[in-house]
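Here is the structure we will look at.
The values are calculated or read from the model by the stated rules, or taken from the named source; none is laboratory data. As the structure is a computational prediction, the values presented were derived from the model and not from experiment. Cβ coordinates were reconstructed from backbone atoms using ideal geometry, including for glycine residues, and neighbour counts include every protein chain displayed. What goes into the accessible areas is simple: the full protein's heavy atoms, side chains included, and nothing from ligands, DNA or RNA. Shrake-Rupley method; radii C 1.70, N 1.55, O 1.52, S 1.80 Å.
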Amino acid sequence: MSTESLTKSSILVVDDSPDNLTILANTLANAGHNTLIASSGDSALNQLSHHLPDLILLDVLMPEIDGFETCRRLKAKPDTANIPVIFMTSLSDVENIVKGFEVGGVDYITKPFQQDEMLVRINTHLTIRSLQKQLEVKNTQSNEKNAQLEAALDRVKLLSGILPICCNCKKIRNDEGSWQDVVIYVRDHSEAMFSHGICPDCKMELYPEIFEDK
């Protein structure tokens with residue numbers, strides 16, 4: 001994943017502090033990212049209904065809807081569930097860190113921010129998300145090809161079921177236009193295996209001397 005492709009990413013920053021928003025927006029812009037800002041959880045959720053960023057930086061301590069609840073809500077929606085969320089918090093105790101992961105966060109950054117560390121964490125998760133998207137596209141393409149293959153096989157089965165057969169000798173006309181024994185045709189066009197025997201009617205016809213008195 002090239003640095004150039006990562007710097008074209010869109011990042012939503014959610015924080016109720018105007019100073020933090022300014023610092024983060026400037027830092028991300030200088031790193032080449034497209035930055036969106038929201039000052040509350042409600043505002044962030046509203047923006048997400050109009051634009052889906054590649055990553056979200058989400059403050060934990062906010063009035064009304066805190067970061068944890070905001071993350072729960074966006075993870076509950078299919079169109080936003082896969083957007084990576086990095087929590088920003090001064091709460092560095094284990095309980096809150098674990099809670100952040102439980103509600104769907106992928107990482108956390110402690111305040112005050114260390115710029116280099118923050119950018120490294122952001123680029124790491126942008127790379128992971130980009131690779132996930134590529135895998136999703138490949139899986140979709142693979143599923144489409146499988147569906148096309150199954151449809152083609154269904155057509156082959158249908159065509160194979162309409163066979164020209166002689167009403168007298170029961171030979172089948174093959175793909176080259178030649179007439180061949182039905183056993184040979186089935187052997188060449190399927191995975192069927194034959195176990196040879198003689199039916200009662202043929203026994204009577206072929207060996208009448210054996211069965212005539214019975």
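Within segment 66-79, restricting attention to residues that are touching a strand residue (DSSP E or B) at 6+ places or on another chain (Cβ under 9 Å), without any contact (Cβ under 8 Å) to a residue 40 or more places away in the chain and not acidic (Asp, Glu), the residue that is farthest from Ser10 (Cα to Cα) is Phe68. The residue pairs whose first member lies in segment 81-110 and is more than 16 Å from Asp66 (Cα to Cα) and of a type in the set (Asp, Glu), whose second member is at pLDDT 85 or above and not in a helix (DSSP H, G or I), and whose beta carbons are closer than 7 Å, counting only pairs six or more residues apart or on different chains, are Asp107/Ile86. In the list Val85, Val94, Val98, which residue meets the criterion of being surrounded by fewer than 17 Cβ atoms within 10 Å (Cβ to Cβ), closer than 21 Å to Ile128 by Cβ and β-branched (Val, Ile, Thr)? It is Val98.
When residues in segment 34-55 are screened for being touching a residue at least 60 places away in the same chain (Cβ under 8 Å) and either assigned to a loop (DSSP other than H, G, I, E, B) or over 31 Å from the mean Cα position of the chain (by Cα) (or both), 1 of them pass.
With respect to Val120, determine if the residue is over 19 Å from Thr35 (Cβ atoms), modelled with pLDDT under 95 and not polar (S, T, N, Q). Against the criterion (over 19 Å from Thr35 (Cβ atoms), modelled with pLDDT under 95 and not polar (S, T, N, Q)), Val120 does not qualify. Is it the case that some residue within segment 125-148 is β-branched (Val, Ile, Thr) and either touching a Pro at 6+ places or on another chain (Cβ under 8 Å) or modelled with pLDDT of 90 or more (or both)? Looking for residues that are β-branched (Val, Ile, Thr) and either touching a Pro at 6+ places or on another chain (Cβ under 8 Å) or modelled with pLDDT of 90 or more (or both), one finds at least one in segment 125-148, hence yes.
In segment 176-187, of all residues being assigned to a helix (DSSP H, G or I) and either of a type in the set (Ser, Thr, Tyr) or modelled with pLDDT of 75 or more (or both), the one that is surrounded by the most Cβ atoms within 10 Å (Cβ to Cβ) corresponds to Tyr185.
Checked against the criteria, Thr70 does not count as of a type in the set (Ser, Thr, Tyr) and open to solvent by 20 Å² or more (accessible area, probe 1.4 Å).
Scan segment 111-123 and report the pairs whose first residue is within 13 Å of Leu28 (Cβ to Cβ) and whose second residue is assigned to a helix (DSSP H, G or I) and open to solvent by less than 60 Å² (accessible area, probe 1.4 Å), with Cβ atoms within less than 6 Å and a gap of 6+ or a chain change. Every condition considered, the pairs that remain are Gln115/Thr27; Asn123/Leu6.
Residue pairs whose Cβ atoms lie under 8 Å apart, separated by 6 or more positions or on different chains, with the first residue in segment 10-31 and on the phi > 0 side of the Ramachandran plot and the second surrounded by 16 or more Cβ atoms within 10 Å (Cβ to Cβ) and at pLDDT 95 or above, do not occur. Exactly one residue out of Leu159, Leu153 is open to solvent by 100 Å² or more (accessible area, probe 1.4 Å), modelled with pLDDT under 70, assigned to a helix (DSSP H, G or I) and at negative phi: that is Leu159.
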